[in-house]
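The structure appears right after this line, and notes come after that.
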Amino acid sequence: GAGVSQSPSNKVTEKGKDVELRCDPISGHTALYWYRQSLGQGLEFLIYFQGNSAPDKSGLPSDRFSAERTGGSVSTLTIQRTQQEDSAVYLCASSLDIWGGTEKLFFGSGTQLSVL
Amino acid sequence: AQKVTQAQTEISVVEKEDVTLDCVYETRDTTYYLFWYKQPPSGELVFLIRRNSFDEQNEISGRYSWNFQKSTSSFNFTITASQVVDSAVYFCALSEAGTGFQKLVFGTGTRLLVSP
């Protein structure tokens, strides 16, 4: 597609349920990022992928959070046993290069997650 | 450690006024990149500019200009003759060599409201 696509755009879930958030990066972009945007914390780095590998998982808030990327393309962020503090907008971004931080990132519109 | 501070939470101006958004950063690295992103109401962050730490030349792009001063660790953004379409949240961000440029650390953002 022309841009980074995220689905669903909105997700409402009950506390304790698992959720999966999907990101389709721009075709050919090797680097993929997940960020979380919440009122209290601003924009937080979660994880970075180069191809299918995630060399930096330091931003994942807890072991309830995991992410994978297959075929160097689509990525899924999974949150198990959701808690109310997980409510936030989850943003995905992609870029062309391994030196993703030096290149401009292309962001999706995000998934608004609400945990009731 | 990386840190980006945007002290202005919200700025309101009337169309055609000039406005400057402040950004102060902290890093121990000598090699780093600074960025500005715009987040309109649609939610998708849009890249505006990237600057590396070795290039202190100011940049102008149409109504936008950026002032990078290493002496004060600042990377300020000025919009000249603001327009209603400039209304958005603006984020300053930093990536540094110490993290392989893979992690973009964002400030908390400045919401700009331009009224007619």
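Computed from the coordinates by the stated procedures, all read-outs in this text should not be read as laboratory data. Computed from a predicted model, the values in this text were never measured in an experiment. Here the Cβ positions follow ideal geometry from the backbone for every residue, glycine too, while neighbour counts run over all protein chains shown.
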Ordering A:51-62, B:34-45, B:94-105 by per-residue average of other C-beta atoms within 10 angstrom, highest first, gives B:94-105, B:34-45, A:51-62
Shielding of A:41-49 by other chains, given as the mean Cβ count within 10 Å, works out to 4
Rounded to the nearest 0.05, FRET efficiency between B:Leu113 and A:Arg22 (Cβ-Cβ, R0 30 Å) equals 0.35
From the Cα centre of the range A:61-98 to that of the range A:1-44, the distance in Å is 6
Note: the protein assembly as shown at 25 °C, 0.890 mPa s; Kirkwood Rh on alpha carbon pairs; Stokes-Einstein D in µm²/s works out to 135
The lysines whose Cα lies under 27 Å from the Cα of A:Lys57, excluding any fewer than 8 residues away in the same chain, are A:Lys11, A:Lys15, A:Lys17, A:Lys104, B:Lys3, B:Lys38, B:Lys103
Once normalised by the length of chain B, the mean sequence separation of its alpha carbon contacts under 8 Å that are 6 or more apart gives a contact order in percent of 38
For the range B:28-82, shape from the Cα gyration tensor axes a ≥ b ≥ c, cut at a/c of 1.5 then a/b versus b/c, turns out oblate
Gyration tensor (Cα only) of chain B to equivalent ellipsoid, semi-axes in Å sorted down, yields 25, 15, 12
Rounded to two decimals, the Debye log10 I(q)/I(0) of chain A (Cα scatterers, no solvent) at q = 0.10, 0.12, 0.15 Å⁻¹ is -0.26, -0.37, -0.58
Under 11 Å by backbone N from the virtual spin label 7 Å along Cα-to-Cβ at A:Gln83, the residues of the range A:30-74 are A:61-65
Expected unfolding gain across B:Glu56-B:Glu15 under the 0.36 nm per residue rule, minus the alpha-carbon gap, is 11.8 nm
